[in-house]
2 protein chains.
Amino acid sequence: MTTETLNIRQMCDAFDVTPRTLRFYEAKELLSPVREGQKRLFTKRDRARLKLILRGKRFGFSLEEIRQLLDLYHMNDGQEAQLSKTYVLAEKHLADMEAQKAELEEAIGELKEQMAWGAEKLAQLAKKKTAAA
Amino acid sequence: MTTETLNIRQMCDAFDVTPRTLRFYEAKELLSPVREGQKRLFTKRDRARLKLILRGKRFGFSLEEIRQLLDLYHMNDGQEAQLSKTYVLAEKHLADMEAQKAELEEAIGELKEQMAWGAEKLAQLAKKKTAAA
DNA sequence: AGGAAAGTTGACGCATACGTAAACGTAACG
DNA sequence: CGTTACGTTTACGTATGCGTCAACTTTCCT
């Protein structure tokens with residue numbers, strides 16, 4: 001394996017982000033790339049986390065929320081207390097996302113209605129034009 | 001009808017936002033309440049728009065994006081050029097939302113997997129505890 | 001008339017999420 | 001050995017989305 005880890009530029013290209021963003025995420029403890037000298041090397045784990053971070057962002061979560069949620073995907077056999085706390089957080093998160101999904105479906109439905117109305121209007125205008133020709 | 005329009009406080013209570021927020025949205029031309037003297041009165045139209053604004057925010061759209069999208073719900077028989085431009089925007093928006101929905105479904109699936117794993121771990125810990133007792 | 005209640009317009013403040021420029025390290029290439 | 005490329009830290013700058021006074025007006029109550 002030649003691509004066990006990625007340097008910062010490869011990472012940026014792979015995820016379409018800037019170096020600044022990756023360093024920022026590291027500062028916020030969302031990522032923890034290893035160092036080769038002073039250079040960052042991003043592991044498979046970092047890549048998985050970044051994917052989740054970007055996804056979280058698209059769903060409107062703040063970086064701080066995301067930081068906490070990242071643990072959900074790395075439940076590492078800790079204490080029962082910690083694990084169950086994480087699990088509860090996950091339940092909330094799940095409920096959140098399912099609510100968002102429901103709302104999204106409603107919004108899609110409404111938008112489609114509006115578009116049908118608009119399409120009809122456009123069709124009428126097109127007809128008038130044809131008739132006038 | 002006594003509730004044809006709402007004053008700012010009623011509007012805030014109805015949508016759980018602050019006066020500052022409503023004034024801010026007006027400044028950004030997302031809302032355009034009528035005036036009674038210098039006081040704002042929010043019409044049915046404003047209420048519909050605010051609902052869409054808040055929804056848009058939950059889906060991670062910026063206020064500026066939302067401002068443009070609001071026209072989608074008020075396609076007011078304008079010029080064909082304008083109307084068709086709005087329609088195109090709507091198509092993009094729709095594609096956006098459906099993509100988001102797909103991603104959301106994927107995310108929900110993954111999270112559920114993680115939770116199943118976590119639940120199992122917790123069950124094992126519970127068993128050990130019972131056995132030890 | 002006097003004062004609280006509700007609303008208004010500035011104007012500055014602040015957290016989030018980076019952008020951007022400066023100054024420096026280091027490693028390879030010709 | 002210079003310089004080009006790539007990366008680093010430090011630090012200040014910036015857009016977004018409001019929060020939070022301050023200073024007034026308007027209205028309604030007593």
Task: Failed condition for residue A:91, given (1) under 17 Å from the mean Cα position of the chain (by Cα); (2) more than 7 Å from chain B (Cβ to nearest Cβ); (3) modelled with pLDDT of 90 or more - done: (1)
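Restricting to the range A:1-59, what's the tally of residues that are among the small types (Gly, Ala, Ser) and within 15 Å of DNA strand D (Cβ to nearest atom)?
4
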Open item on the list: List pairs: first residue in the range A:89-114 and more than 18 Å from residue B:111 (Cβ to Cβ), second residue surrounded by fewer than 17 Cβ atoms within 10 Å (Cβ to Cβ) and among the acidic types (Asp, Glu) anywhere in the structure, Cβ distance under 9 angstrom, at least six positions apart or on different chains.
Closed with: A:108/B:98
TODO: Inspect the range B:7-22 for any residue being under 30 Å from residue A:126 (Cβ atoms) and of a type outside the set (S, T, N, Q) and give the result as yes or no.
DONE: no
Open item on the list: So, residue A:47, is that one open to solvent by less than 80 Å² (accessible area, probe 1.4 Å) and without any contact (Cβ under 8 Å) to a residue 12 or more places away in the chain or not?
Closed with: no
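The values are calculated or read from the model by the stated rules, or taken from the named source; none is laboratory data. Given the structure is predicted, the values throughout are model-derived calculations rather than measurements. So basically every Cβ, Gly included, is an ideal-geometry build from the backbone, and we count neighbours across all protein chains shown. Surface accessibility is based on the protein's heavy atoms, side chains included, excluding ligands, DNA and RNA. Shrake-Rupley method; radii C 1.70, N 1.55, O 1.52, S 1.80 Å.
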